1. Looking only at region 119-177, count every residue that is under 18 Å from the mean Cα position of the chain (by Cα), open to solvent by 80 Å² or more (accessible area, probe 1.4 Å) and among the polar types (S, T, N, Q) and tell me the total.
2. For region 157-229, give me every one of the helices (runs of 4 or more DSSP H) that falls completely inside it and has 1 or more residues that are at pLDDT 80 or above and within 19 Å of Gln245 (Cα to Cα).
3. Can you find, within region 35-74, the residue that is surrounded by the most Cβ atoms within 10 Å (Cβ to Cβ) among those that are out of contact with any helix residue (DSSP H, G or I) (no Cβ under 6 Å at 6 or more places or on another chain) and of a type in the set (S, T, N, Q)?
4. Go through (1) in a loop (DSSP other than H, G, I, E, B); (2) out of contact with any strand residue (DSSP E or B) (no Cβ under 7 Å at 6 or more places or on another chain); (3) modelled with pLDDT under 95; (4) surrounded by fewer than 18 Cβ atoms within 10 Å (Cβ to Cβ) one by one and return the number of the condition Pro22 breaks.
5. Taking Gly260 as the residue in question, decide whether it is modelled with pLDDT of 95 or more and either assigned to a strand (DSSP E or B) or more than 20 Å from Leu40 (Cβ to Cβ) (or both).
Amino acid sequence: MLLAAAVGTFLAVRSLAPVIVPVLTGSGCQAAATHQAVLLDTQQASIAATIAGVAHQESMPREAVTVAYATAMQESKLHNLDYGTSDSVGVFQQRPSQGWGPARKLENPVYAATKFFRALKAVHGYQTMPVYQAAQAVQHSADGSAYMQYQRMAAEMAGAFTGQREHAVYCWSTPAGPRHPNVAAITRALASTFGQATADMGRPAQRHTMLVPIGHPKLGWTVASWLVTHASTYGIHQVRFGGYQWRASAGTKGWVRDAGAPPAGTIQLS
């Protein structure tokens, strides 16, 4: 339902139009940007957060995340597709026949992002070349200039999802998720997305509560963004970090100041 609004917002971000605050209804997510917030539907936001998490696991810089977002927007509008041109599938529309891997794996955003970043690593100088050129060096598409239209929006999103801007990503949803967070499933998903070292730090606290100590604030906000964008899937109703809290029941209010925050450097979810 929010896809049309999201695409319109993307265009506004690219053209640096005056800020227009939209009426937020139904389900969706928002990423704060320098000039205007970027609206995303829930799948777009969860995939964006996953890409940022995989970038951490692969030790890829913010510039790599920008390239990945520009590519994914052009290829699939940041959706996980089970179809495409020829045998293309997934968020990056990677082709099994071109050596990217089995289709069933490419439809897993963690696997697809890992394959994308490992290919990007092999592109000499990708951090300093234009984003669309770096994307084309990985994708070898028919028209590499098409990635250019998403460069600025991708850079804005990368700042939000990689923790460069604190409490920048939040979601709202009308459907009720599970009553309590599925701590075991969250731990497995964190391990898959961010790497085992990050997930090993997660531990149950009080009943239906989980603590995830994070050593670096930017990583903390990257993980917090992932938790918020996956809240409905895993039954997460509240996330607290860095003096702020997000509550699913608060709707579109987003992150607010938290007087009773958990210990410094610790994410608490319940």
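1. Number of matching residues: 0.
2. 183-194, 217-229
3. If we take residues in region 35-74 being out of contact with any helix residue (DSSP H, G or I) (no Cβ under 6 Å at 6 or more places or on another chain) and of a type in the set (S, T, N, Q), then Gln44 is surrounded by the most Cβ atoms within 10 Å (Cβ to Cβ).
4. Exception for Pro22: condition (2).
5. Numbers: modelled with pLDDT of 95 or more: no; either assigned to a strand (DSSP E or B) or more than 20 Å from Leu40 (Cβ to Cβ) (or both): yes.
Judged against the criteria, Gly260 is not a match.
The values are calculated or read from the model by the stated rules, or taken from the named source; none is laboratory data. As the structure is a prediction and not an experimental result, all values here were calculated from the model. Glycine gets a Cβ as well: all are built from the backbone with ideal geometry, and neighbour counts include every protein chain shown. Accessible surface areas use protein heavy atoms only, side chains included; no ligands, DNA or RNA. Shrake-Rupley method; radii C 1.70, N 1.55, O 1.52, S 1.80 Å.
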